[in-house]
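Reading through the structure tokens given below for one structure.
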């Protein structure tokens, strides 16, 4: 099969560690390697390197090459971000027209975490064999709590699978729910978390682009493919300029007339969308008092706190409970750990102040 | 009258801002000037500069000279610290034998805060006129809460004063009490906080040294005085080497057979003994949500917190309540503000680790 890893994001939810020049997928905030590399390592056994495509921002090309120096993955450098639809369109065309492969392709974000990678790979393999028969297959993460931070997928209850493997038709995709709705989803057993991971064939994907985004598809037809990422980024510039910023979910998944399937997956997945989420995912690394420590710090009578020391400074903490400390060379964040998603208020402030050095 | 300001302390209660090379009295943590200078400014109208003695550690001589470049105060540099008794003994001998003055001398720590300086000066003037008649007069701070962090002075209820001015004999000095005892002290009306401030004459002080610390007094008799602080520190070295580390309270005040008086004083005094105490003293500078900010920081939904930004870093804080952040170039402290006295556990740890760079 083929793999496309989408690493074009530029979020600042891990500010002050993540910056526009150092987005989350480039950070080694878990497992000691950049999330992009961990995503690759998680799926590299499913496809040869030549059939693994990394789509990154042009400004991260050099670092990506460094991270993957020991591999022969293919890299597509986007001239600038245009959300996931254009990214996936170019990747599908690259696979089908340039590499001549119409084998199923798994499309994965580069910045997620999976606790049980073998379950994850097994789900992708199953999804690929379903995708080979036409249609689009999404991974549905079995929810473990009434999470309000994720979108959900509602399944048709009828199980189309066999041999102990489930697969369902998708009834609808739903946006992040309120807490009551999330409780109901969790109780019903018919809802999954939408991880934004799906599998289809390049040919099917391009047909969908032809019907849902015809102008973009026309531009794709004139795109000249090359193995040189910088040249390729040049070639993509005009196409991207003429394309709207639009997600694959919105442009294709919600409009397609093809069958859409959901493949259930219980693999300990997390989108690691905030400092608190990272603290949650890394629960096994906490000390007996619930503290998680990245780098050196002296914790005196602290509980359930998370200290990230990357600024080369000596850190001491006294009597803290559920506090997040992130110290970098030029910036320091101290927050109520459970309110770490509010870091966007800080980055919004920085954006508003016109001072972009710290973004 | 004469003034002696004792600035030999080397505490690290304001770590990481205070260091052995930068003790509290040298920090401008309140009012925009070093506490030592503020102490001088508070009393400079009571005596000519030539009769104001600063006793500092030799290692702080250069900085002290800089801070007092526009004055003609006298500086005694101690070769090393030996607590308050030797310091006061040398100062008293300097005044009587070198300057030939037996006028009353007020002995003041260099690192206290006084909200109402005029009340403070008035109390020192009154104390000086009482001291001129023999005896030792201590300032008794009218307690405003059942503080367990201060020592107390119990007065004899009989008021010996006149013309609206109170003065009492001291019954006893008591150590820091428990909270129940402190409540009782506060309710009784017969207890004052011991600020470690007292007034006597150089002659009386030297007589006390002769009877309470005879060997030290003998050494004092052989001490050669000079205006050159470095030479003076040389001269003091042998005397200090042969002297125990002992406080004036313990060596003299608790043993003297002279009358000891307490002069009540309601002057908004604080020993500013911790970050929390500093936050308390600077209550007028807090924002409407109770936050106190030294330097720049973005506070997002924080209350009753204290942020000191001296590290040149950009600081953001989110959702904190009663948290202390002190950021310096090489160290960072984040603490429950009400537990800021536990900073000594951090400095104890640093001492124990053998790494003295951050002390």
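Points worth noting:
- Shielding of peptide A:318-325 by partners, expressed as the average count of other chain Cβ atoms within 10 Å per residue Cβ, is 6.
- The protein assembly as shown, helix-only ellipticity at 222 nm - DSSP H runs n ≥ 4, -39,500 (n - 2.57), divided by all residues, nearest 500: -8500 deg cm²/dmol
- The other copies place their residue A:144 label points at 5.3 nm from this one, listed shortest first, where each point is 7 Å from Cα along Cα→Cβ.
- Here A:44, A:24 are placed in order of increasing Cβ neighbour count within 10 Å, fewest first, which gives A:44, A:24.
- Rotational relation B to A, axis-closest Cβ in chain B, residue and distance rounded to whole Å: B:334, 3
- Shortest-first nm distances, residue B:238 label point to equivalent points in other copies (7 Å, Cα→Cβ): 9.6
- A Förster radius of 25 Å combined with the Cβ-Cβ distance from residue A:122 to residue A:169 puts the calculated FRET efficiency at roughly 0.75.
- In chain B, Cα pairs under 8 Å separated by at least six residues give a relative contact order of 19 percent.
- Stretching the chain fully between residue B:254 and residue B:179 yields a gain of 24.6 nm (0.36 nm per residue, less the alpha carbon separation).
- Separation in nanometres of the label points that stand 7 Å from Cα toward Cβ, at residue A:63 and residue A:338: 3.3
- Against the empirical 2.2 N^0.38 Å (N residues), chain A has a Cα radius of gyration ratio of 1.02.
- Cα-based shape type of region A:70-112, given that a ≥ b ≥ c are square roots of the gyration tensor eigenvalues and the cut on a/c is 1.5: rounded
- Convex hull of the protein assembly as shown built on C-alpha atoms - directionally averaged projected area, nm²: 38.5
- Cα gyration tensor category, rounded, prolate or oblate, for region A:277-326 with a/c compared to 1.5: oblate
- Over region B:289-359, relative contact order from alpha-carbon pairs under 8 Å, at least 6 apart, %: 22
- The C-alpha atoms of chain A define a longest principal axis, and helix A:343-353 lies at about 90 degrees to it.
- Over region A:1-156, relative contact order from alpha-carbon pairs under 8 Å, at least 6 apart, %: 27
- Put in line by how crowded their Cβ is, counting other Cβ atoms within 10 Å and starting with the fewest, B:192, A:276 read A:276, B:192.
- Shortest-first nm distances, residue A:353 label point to equivalent points in other copies (7 Å, Cα→Cβ): 3.0
- Tilt relative to chain B, helix B:202-212 - C-alpha long axis, 0 to 90 degrees, to 10: 90
- As a rough footprinting exposure proxy, the listed residues B:246, B:315 were ranked by other beta carbons within 10 Å of their own, and the order from fewest upward is B:246, B:315.
- Mean per-residue shielding of peptide B:189-200 is 0, counting Cβ atoms of other chains within 10 Å of each Cβ.
- Cα long-axis angle, helix B:179-188 against chain B (0 to 90 degrees, to the nearest 10): 60
- Distance (nanometres) between label positions extended 7 Å along Cα→Cβ at residue A:156 and residue B:80: 8.8
- R0 of 60 Å, Cβ-Cβ distance residue B:230-residue A:283: FRET efficiency to nearest 0.05: 0.50
- Take the Cβ atoms of residue A:222 and residue A:190, set R0 to 45 Å, and the FRET efficiency comes out at 0.55.
- Projected label points at residue A:237 and residue A:353, each 7 Å from Cα along the beta carbon direction, are separated by 3.4 nanometres.
- Over region A:215-343, the Kirkwood radius and the radius of gyration, each from Cα atoms, give a ratio Rg/Rh of 1.19.
Any read-out appearing in this document is the output of simple, stated calculations on the displayed coordinates, not a laboratory observation. Just so we're clear, the structure is a prediction, and the values are computed from it rather than from any experiment. For neighbour counting, all protein chains shown are included, and Cβ atoms are generated from backbone atoms with ideal geometry for every residue, glycine included.
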